[in-house]
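The values are calculated or read from the model by the stated rules, or taken from the named source; none is laboratory data. Worth saying up front: this structure is predicted, and the values here are computed from it rather than measured. For neighbour counting, all protein chains shown are included, and Cβ atoms are generated from backbone atoms with ideal geometry for every residue, glycine included. Surface accessibility is based on the protein's heavy atoms, side chains included, excluding ligands, DNA and RNA. Shrake-Rupley method; radii C 1.70, N 1.55, O 1.52, S 1.80 Å.
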Amino acid sequence: MTAKLDAIGLVVTDLGVAVTFYQHMGLDFGNQVDPEGHGHAEADLGGGMRLMLDTLEGIHAFDPAYRPASGDPHASLAFRCPGPAGVDELFATLIRSGATAHREPWDAFWGQRYAQLRDPDGNGVDLYAQL
(Lines give C-alpha, C1' and ligand atoms only; values in the text may rest on other atoms or scores of the structure.)
Protein backbone atom coordinates (compact mmCIF):
# COMPACT_ATOMS: atom_id res chain seq x y z
CA MET A 1 0.00 0.00 0.00
CA THR A 2 1.26 3.49 -0.87
CA ALA A 3 0.00 6.56 0.93
CA LYS A 4 -0.48 9.83 -0.96
CA LEU A 5 -0.02 13.27 0.56
CA ASP A 6 -3.45 14.86 0.24
CA ALA A 7 -3.58 17.89 2.54
CA ILE A 8 -1.67 20.37 4.66
CA GLY A 9 -3.41 21.36 7.88
CA LEU A 10 -2.98 24.48 9.98
CA VAL A 11 -4.55 25.17 13.37
CA VAL A 12 -5.87 28.73 13.55
CA THR A 13 -7.30 30.98 16.24
CA ASP A 14 -9.93 32.76 14.14
CA LEU A 15 -11.20 30.94 11.05
CA GLY A 16 -12.53 34.10 9.37
CA VAL A 17 -9.25 35.97 9.81
CA ALA A 18 -7.25 32.98 8.51
CA VAL A 19 -9.50 32.48 5.46
CA THR A 20 -9.29 36.18 4.56
CA PHE A 21 -5.50 36.11 4.99
CA TYR A 22 -5.01 33.14 2.64
CA GLN A 23 -7.52 34.51 0.12
CA HIS A 24 -5.01 37.33 -0.47
CA MET A 25 -2.77 34.66 -2.02
CA GLY A 26 -5.51 33.45 -4.34
CA LEU A 27 -6.79 30.50 -2.31
CA ASP A 28 -10.48 29.77 -2.79
CA PHE A 29 -12.39 28.43 0.21
CA GLY A 30 -15.71 28.33 -1.62
CA ASN A 31 -18.83 30.39 -1.13
CA GLN A 32 -19.67 29.14 2.35
CA VAL A 33 -16.81 28.79 4.83
CA ASP A 34 -17.43 26.21 7.59
CA PRO A 35 -21.00 25.30 6.51
CA GLU A 36 -21.32 22.66 9.26
CA GLY A 37 -20.00 24.91 12.04
CA HIS A 38 -17.09 22.66 13.04
CA GLY A 39 -14.39 25.34 12.74
CA HIS A 40 -13.03 23.87 9.49
CA ALA A 41 -12.36 25.30 6.01
CA GLU A 42 -10.58 23.87 2.97
CA ALA A 43 -9.06 25.30 -0.19
CA ASP A 44 -8.21 23.21 -3.24
CA LEU A 45 -4.54 23.74 -4.08
CA GLY A 46 -4.69 21.83 -7.37
CA GLY A 47 -2.95 18.59 -8.17
CA GLY A 48 -5.09 16.80 -5.61
CA MET A 49 -3.79 18.85 -2.66
CA ARG A 50 -5.83 20.84 -0.12
CA LEU A 51 -5.05 23.40 2.57
CA MET A 52 -7.15 22.71 5.66
CA LEU A 53 -7.70 25.31 8.36
CA ASP A 54 -9.07 24.15 11.71
CA THR A 55 -9.80 26.20 14.81
CA LEU A 56 -8.30 25.23 18.13
CA GLU A 57 -11.85 24.56 19.37
CA GLY A 58 -12.46 22.24 16.43
CA ILE A 59 -9.27 20.29 17.18
CA HIS A 60 -10.18 20.08 20.88
CA ALA A 61 -13.50 18.45 19.91
CA PHE A 62 -11.59 15.25 19.04
CA ASP A 63 -8.22 15.84 20.79
CA PRO A 64 -8.75 17.67 24.09
CA ALA A 65 -5.07 17.32 25.01
CA TYR A 66 -3.82 19.15 21.87
CA ARG A 67 -1.60 22.15 22.60
CA PRO A 68 -0.30 24.43 19.82
CA ALA A 69 3.44 24.51 19.28
CA SER A 70 5.33 27.55 20.46
CA GLY A 71 8.44 29.28 19.17
CA ASP A 72 9.52 29.56 15.56
CA PRO A 73 7.54 27.60 12.97
CA HIS A 74 9.03 24.30 11.90
CA ALA A 75 7.60 24.67 8.39
CA SER A 76 6.28 27.35 6.08
CA LEU A 77 4.00 27.68 3.10
CA ALA A 78 5.82 29.21 0.12
CA PHE A 79 3.90 31.19 -2.50
CA ARG A 80 5.40 32.00 -5.93
CA CYS A 81 4.56 35.53 -7.08
CA PRO A 82 4.39 36.62 -10.73
CA GLY A 83 7.45 38.88 -10.41
CA PRO A 84 9.71 40.69 -7.93
CA ALA A 85 7.30 43.64 -7.57
CA GLY A 86 4.57 41.12 -6.73
CA VAL A 87 6.57 39.96 -3.70
CA ASP A 88 6.74 43.53 -2.37
CA GLU A 89 3.06 44.23 -3.09
CA LEU A 90 1.77 41.02 -1.53
CA PHE A 91 4.07 41.45 1.48
CA ALA A 92 2.52 44.89 2.15
CA THR A 93 -1.02 43.54 1.67
CA LEU A 94 -0.40 40.67 4.09
CA ILE A 95 1.08 42.97 6.74
CA ARG A 96 -2.08 45.09 6.54
CA SER A 97 -4.08 41.85 6.82
CA GLY A 98 -2.57 40.85 10.16
CA ALA A 99 0.73 39.16 9.30
CA THR A 100 3.98 40.06 11.02
CA ALA A 101 7.22 40.51 9.13
CA HIS A 102 10.00 38.04 9.77
CA ARG A 103 12.25 39.26 6.92
CA GLU A 104 11.19 42.08 4.65
CA PRO A 105 11.62 41.51 0.90
CA TRP A 106 15.23 41.19 -0.28
CA ASP A 107 17.12 40.04 -3.35
CA ALA A 108 18.44 36.64 -2.27
CA PHE A 109 21.78 35.32 -3.45
CA TRP A 110 20.02 32.34 -5.07
CA GLY A 111 18.36 34.61 -7.65
CA GLN A 112 14.95 35.28 -6.15
CA ARG A 113 13.14 38.20 -4.57
CA TYR A 114 12.22 36.67 -1.21
CA ALA A 115 10.25 37.63 1.91
CA GLN A 116 9.26 35.82 5.10
CA LEU A 117 6.20 36.50 7.28
CA ARG A 118 4.18 34.90 10.02
CA ASP A 119 0.45 34.58 9.43
CA PRO A 120 -1.94 35.84 12.13
CA ASP A 121 -1.43 32.54 14.00
CA GLY A 122 2.38 32.50 13.75
CA ASN A 123 2.66 30.01 10.86
CA GLY A 124 5.50 30.61 8.42
CA VAL A 125 4.66 32.13 5.03
CA ASP A 126 7.33 32.75 2.38
CA LEU A 127 6.88 34.80 -0.80
CA TYR A 128 9.23 34.57 -3.77
CA ALA A 129 9.75 35.36 -7.45
CA GLN A 130 12.61 34.89 -9.88
CA LEU A 131 14.75 38.00 -10.33
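Computed quantities for the displayed model
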item: Accessible-area composition of the range 88-131, carbon plus sulfur, in percent [1.4 Å probe]; result: 47 percent
item: Total formal charge among the other residues, if their Cβ is under 15 angstrom from that of ARG103, Lys/Arg +1 and Asp/Glu -1; result: -4
item: Listed residues THR20, THR2 arranged by accessible area, highest first, probe 1.4 Å; result: THR2, THR20
item: Share, in percent, of DSSP beta bridges within the chain that are antiparallel, nearest 5; result: 60 percent
item: Order by protection proxy (mean Cβ within 10 Å, highest first), peptides 24-32, 121-129; result: 121-129, 24-32
item: Amide H within-cut-off set for LEU77, under 5 Å, with H built and near neighbours excluded; result: GLY124, VAL125, ASP126
item: 11 Å beta-carbon shell around PHE29, net charge (K/R +1, D/E -1); result: -3
item: The range 25-131 - charge dipole about Cα centre, Lys and Arg +1 at Cβ, Asp and Glu -1, debye rounded to 20; result: 360 debye
item: Between the range 56-76 and the range 78-131, the alpha-carbon center distance in angstrom; result: 24 Å
item: Intensity falloff of the chain expressed as log10 I(q)/I(0), Debye formula with alpha-carbon point scatterers, at q = 0.13, 0.16, 0.20 Å⁻¹; result: -0.59, -0.86, -1.23
item: Cα long-axis angle, helix 84-96 against the chain (0 to 90 degrees, to the nearest 10); result: 50 degrees
item: Per DSSP, loop GluC sites (Glu not before Pro) in the range 31-117 with at most 14 further Cβ within 10 Å; result: GLU36
item: Accessible area in square angstrom per residue, the range 1-106, 1.4 angstrom probe; result: 65 Å²
